[in-house]
Amino acid sequence: MPLSLLPRPRGARTAAALLTGALLLIAAQSAPAGADAPRTPRTPAVPKTPTAPATPATPAARTAASAAPAAVQVNQLGYLPDGPKRATVVSASTTALAWQLRDAAGRRAASGTTSVRGADAASGQSTHLADFSSYHRTGTGYTLTVDGRTSHPFDIRANLYDGLRSDAMSFFYQQRSGIPIEASLAGAAHARPAGHLGVAPNRGDTAVPCVSGVCDGTRDVRGGWYDAGDQGKYVVNGGLATWQLVNSFERAKRAGHAAALGDSTLRVPERGNRIPDVLDEARWELDFLMRMQIPEGEPRAGMAFHKVHDAAWTGLPTRPEQDAEPRELHAPSTAATLNLAAAAAQCARVYAPYDAAFAARCLDSARRAWAAAKANPDLLAPGSDSTGGGAYDDGKVGDEFYWAAAELYATTGEARYRDAVTSSPYHTASDVFAPIGFSWQDTGALGRIVLATVPNHLPAADRARVRASVVSAADGLLSTMAGQGYAVPLPADGYVWGSNGQVANNGTLLAVAYELTGQRRYRTGALESLDYLLGRNALGQSYVTGYGDRTTQNQHHRFWAHQYDASLPNPPAGSIAGGANAGLQDPVAQEKLQGCAPAACYIDDIGSYSTNEVAINWNAPLAWLAAFAAEQD
């Protein structure tokens, strides 16, 4: 993934930082681009009151937040009975160490010796690997002891990922705009009124004006998902996240597991309507994406507005229904329009068996978006458009053209889309799969994945080459993992803003390679990607709320903001933090993490937006991977 935009700082967490908050924000919004930062802009904010963060509500939460990481790092959720079971041991010993696996009663269940891995570049630690994959019995409360040190407890069971599959998907329901979040579905602590329906003090999103000079009148752009810890809605991020949810269902259906994401499997208000719940959830965003499309008869018809958000950054915390800032639509962009084309074309194919009318509407929208993008191929969102919301700028859109053409061709089989696919330089480029992984700004890999997995009429040799390119990219990730102490599908210089999303994206690529080949090493790689996210990492930190013995709980969010306001909740279970970011791009990280090794540049503090924010494009691959892993029982 090309790295060019320095994300803008959001607020500090102390009274002293508040005194300079305005200066920080001004400086951040004019900061130059940096070559070492991910192009994933998020949301500046300062707390509304100059108070120190609240103490976590319960003794258990306090313990989880302050506990030192164990020196034996495991997946704190656990392992599948027939899956890989490896732990990383931090030790400077140059000789193998004895390990013992013990059950909940303390009885020895298995034993062996570690293999010495030595220096791990990303963590700065000396490491060993303990491999107990040959142990297949099930149970709860296992621990691994090495050299007198004991891991966090974990389970070994077949239904290990069932809860995470549901909770990671529930994140999207709870990020919905324009609908009440019901206690019966989200729990009493996370219930809230609908936000941004034009009910005071809200001023939108039912009649939103454009920024000056962009359009006349107002637009109804209600619905969709709030993008991250703020309440902006961005088509380029929404398009990718929607695609990943729908792709998750399409993959499960090919594998014979569609029922696991079918009707009445998730906590969504549409359950019981005979449509798979994951498609109900994705439709909430698809409807919004299509509302962002300029209708026929208007200038630049078919194009999609790039984003809608507040005219100025809201403070932290701010519940959605209490947001009093005016909302604004920002100029259409080619990238946003192609995101709409790709997601809507996929919708037309996948929704057709369940709602033919909606599928037809999606296909019409996709065709119009493609034609509009072809007519306006270089309308690029400016990096300077960052007041009140992230810029989400993108200096190249050839990859979006390739992705959209691939989806339209897979859905329609039409020659014009096939020709757009085969004439694209991304169709044969050797670097379409970057080591750091695909993202909202680098989508060429998605086109390859579509063409490799969805039946189409490319010549057999061409399709074989596309499939081989996916497998080759997965081999590269396995090679990267093999050279590390923590088996992360990310290079040592890949710990950027949103690194956990990149790990999860690469995990999905490994799972696709497993689907294409049936070779278990790719399955192993995909599952070990989850091991990293769930605690087998340099910090012994599960980055997923509610999953593990030492989990993140103070993610950057305007409603899930208990650390700033004890009347508000912590994030719900199944929400993933952005993760380690060597750039230290917020005041908390700069104060607390100086000198950190790249894989250790993370702090569970609500003020550390560059390491601890949430985002739909990070939870989407987590949900994808959790659904894949839940099938592996």
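The values are calculated or read from the model by the stated rules, or taken from the named source; none is laboratory data. Model, not experiment: these values are computed from the prediction. Note that each Cβ is placed from the backbone with ideal geometry, even for glycine, and that neighbours are counted across all protein chains shown. We work out accessible area using only protein heavy atoms, side chains counted, and drop any ligands, DNA or RNA first. Shrake-Rupley method; radii C 1.70, N 1.55, O 1.52, S 1.80 Å.
Enumerate the helices in the chain for which the Kyte-Doolittle hydropathy averages 0.5 or more and the C-alpha atoms extend at least 18 Å along the helix's axis, using complete DSSP H runs.
334-350, 616-630
What whole-number volume per residue, in cubic angstrom, does the convex hull of the C-alpha atoms of region 420-484 give?
90
Using the Cα centre of the chain as the reference point, and only Cβ charges (+1 on K/R, -1 on D/E), how large is the resulting charge dipole? Debye, rounded to the nearest 20.
I would put it at about 940 debye.
Between Ala121 and Ala200, what is the label-point separation in nm under the 7 Å Cα-to-beta-carbon projection?
Between Ala200 and Ala121, the simple spin-label model gives 6.0 nm.
Computing the accessible area with a 1.4 Å probe over protein heavy atoms, can you report the carbon and sulfur percentage for region 547-633?
Of all accessible area on region 547-633, carbon and sulfur atoms account for 41 percent.
In the calculated pair distance distribution of region 546-590, what percentage of Cα-Cα distances lie above 11 Å?
70
Place +1 on the Cβ of every Lys and Arg and -1 on the Cβ of every Asp and Glu in region 191-299, take the dipole about the Cα centre, and give the residue among Gly198, Val236, Ala258 whose Cα lies farthest towards its positive end.
Ala258
Let me know the Kirkwood hydrodynamic radius for region 269-372, please, with Cα pairs as the basis and the value in Å to one decimal.
15.1
On the principal axes of its Cα set, how long, how wide and how thick is region 257-302? Give whole Å, largest value first.
For region 257-302, the Cα spread along each principal axis is 44, 21, 13 Å.
Using a 7 Å offset from the Cα along the Cα-to-Cβ direction at both Ser133 and Glu298, what is the distance between the two label points in nm, to one decimal?
Modelled inter-label distance: 5.5 nm.
Give me the accessible area per residue for the chain, probe 1.4 Å, as a whole number in Å².
Heavy-atom SASA per residue in the chain reads 33 Å².
Can you give me the pair-distance distribution of region 567-633, C-alpha pairs, 10 Å bins, whole percents?
P(r) over region 567-633, rounded to whole percents: 20, 40, 29, 10, 1.
Debye calculation, C-alpha points only, no solvent: report log10 I(q)/I(0) for region 75-118 at q = 0.21, 0.25, 0.33 Å⁻¹, in the same order as the q values.
These q points yield log10 I(q)/I(0) values of -0.87, -1.08, -1.21.
Identify the residues of region 559-575 with backbone N under 19 Å of a label point that sits 7 angstrom from the Cα of Arg271 along the Cα-to-Cβ direction, or state none.
Under 19 Å, as judged by backbone N against the label point of Arg271, lie 572-575 of region 559-575.
Roughly how many nanometres apart are two label points built 7 Å out from the Cα toward the Cβ at Asp103 and Val211?
The modelled label-to-label distance comes out at 6.3 nm.
Could you work out how much longer the chain between Asp220 and Ala360 gets when fully extended? Use 0.36 nm per residue separation minus the Cα distance between them, nm to one decimal.
48.3 nm
Of Val488, Tyr402, Thr318, which is farthest on the positive side of the dipole of the chain, counting Cα position, with +1 on Lys and Arg Cβ, -1 on Asp and Glu Cβ, and the Cα centre as origin?
Positive-end residue among those listed: Val488.
Restricting things to Cα coordinates, could you compute the convex hull volume per residue of region 206-280 in Å³?
Normalising the Cα hull of region 206-280 by residue number yields 128 Å³.
Mind jotting down a quarter of the surface of the convex hull over the alpha carbons of region 331-475, in square nanometres, one decimal?
Result: a mean projected hull area of 9.6 nm².
Which residues in region 191-211 place their backbone N less than 16 Å from a point set 7 Å from the Cα of Ala324 along the Cα-to-Cβ direction?
196, 198-204
Taking H as built 1.01 Å from N, whose amide H comes closer than 5 Å to the amide H of Asp147, not counting residues under 5 places away?
Under 5 Å from the amide H of Asp147: Ala98.
Can you tell me how much longer the chain between Asp431 and Arg520 gets when fully stretched, taken as 0.36 nm per residue apart minus their C-alpha distance, in nm with one decimal?
Using 0.36 nm per residue and subtracting the Cα-Cα distance, I get 29.5 nm.
Per DSSP helix of 4 or more residues, -39500 (n - 2.57); summed, then divided by the residues of the chain. What does that give at 222 nm, rounded to the nearest 500?
Per the formula, -11000 deg cm²/dmol.
So what is Rg over Rh here for region 486-633, counting just Cα atoms and using Kirkwood for Rh?
0.99
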